[in-house]
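The values are calculated or read from the model by the stated rules, or taken from the named source; none is laboratory data. Nothing here was measured: the structure is a model prediction, and the numbers come from that model. Quick reminder, even Gly has a Cβ in these numbers, built from the backbone with ideal geometry, and neighbours come from all protein chains shown. All accessible areas refer to the heavy atoms of the entire protein, side chains included, with ligands and DNA or RNA removed. Shrake-Rupley method; radii C 1.70, N 1.55, O 1.52, S 1.80 Å.
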Amino acid sequence: MKTVVCPGSFDPITNGHLDIIQRASGIFDRVIVLVAANQEKHNFFTVQERVEMIRRVAEETGLSNVEVDSDSGLLVNYIQRVGAAAIVKGLRAVSDFEYEFQMSLTNHKLLPECETIFFTTSSRNMYLSSSIVRQVGQLGGDITGFVPPCVYEQIHKKLTTGQSQG
Ligand code: PNS
């Protein structure tokens, strides 16, 4: 049974992330989407909110071999703990490459058996990122084409009430 982990900030999950998760779930037996800590970023949604949103998206998309988890430690420790065969990440453009390459090499150095598999993003999602979604949403732009419908509702709720659950 091949398990892979799709780590990220997912703040929030976009249609670009969902595309990568869907494609990974068609290839591997078990896909764990991991909301992981990125020390460089300030978060819009809490970890719990992001986990709930991704769970809902996976359920509504019918991705039965996809699980969602969160972790605040080193990714390689998580990979080892769950016995994952690889990390799966999406690559949009050349601008992603340097950062992703650096993380992949660091993870490999920390845990030599840790492989990273990159999926090239679908051309329709090349421009998409969570920060673009947050910026457009916060300035009142239309983000319906950027995120799954249930995420759109949560963003709208968060922007209007400061909360996304309930
Ligand atoms: O979506 P992001 O923010 O580009 O994802 C980056 C993430 C969360 C995958 C990365 O910061 C990460 O792996 N964090 C976990 C902590 C860790 O292991 N950091 C060292 C990575 S080389």
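Let's see how each residue does on (1) within 11 Å of the ligand (Cβ to nearest atom); (2) modelled with pLDDT of 95 or more; (3) of a type in the set (Gly, Ala, Ser); (4) more than 24 Å from Ser25 (Cβ to Cβ):
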{"site": "Val82", "(1), (2), (3), (4)": "no, yes, no, no"}
{"site": "Phe97", "(1), (2), (3), (4)": "no, no, no, yes"}
{"site": "Thr106", "(1), (2), (3), (4)": "yes, yes, no, yes"}
{"site": "Lys109", "(1), (2), (3), (4)": "yes, yes, no, yes"}
{"site": "Thr116", "(1), (2), (3), (4)": "yes, yes, no, no"}
Just give me the residues in region 5-31 being more than 11 Å from the ligand (Cβ to nearest atom), surrounded by 22 or more Cβ atoms within 10 Å (Cβ to Cβ) and part of a strand (DSSP E or B), in sequence order.
Val31
Filtering region 71-106 for residues that are of a type in the set (Ser, Thr, Tyr) and surrounded by fewer than 16 Cβ atoms within 10 Å (Cβ to Cβ) leaves a count of 4
Name the residues in region 122-148 that are in a helix (DSSP H, G or I) and touching a Pro at 6+ places or on another chain (Cβ under 7 Å), would you?
Ser130, Val133
Would you check which residues across region 141-156 are open to solvent by less than 70 Å² (accessible area, probe 1.4 Å) and either without any contact (Cβ under 8 Å) to a residue 24 or more places away in the chain or in contact with a helix residue (DSSP H, G or I) (Cβ under 7 Å, 6 or more places away or on another chain) (or both) and list them?
Gly141, Ile143, Phe146, Val147, Pro148, Cys150, Val151, Gln154, Ile155
Sort out which residues of region 46-78 are part of a helix (DSSP H, G or I), in contact with a strand residue (DSSP E or B) (Cβ under 6 Å, 6 or more places away or on another chain) and within 14 Å of the ligand (Cβ to nearest atom), and write them in order of number.
Val47, Arg50, Val51, Ile54, Leu75, Tyr78
Residue check: is Asn38 within 19 Å of Thr14 (Cβ to Cβ) and open to solvent by 50 Å² or more (accessible area, probe 1.4 Å)?
no
Checking Val68 against (1) over 20 Å from Ser164 (Cα atoms); (2) in contact with a helix residue (DSSP H, G or I) (Cβ under 7 Å, 6 or more places away or on another chain); (3) open to solvent by less than 80 Å² (accessible area, probe 1.4 Å); (4) without any contact (Cβ under 8 Å) to a residue 60 or more places away in the chain: exactly one of these is not met. Which one?
(1)
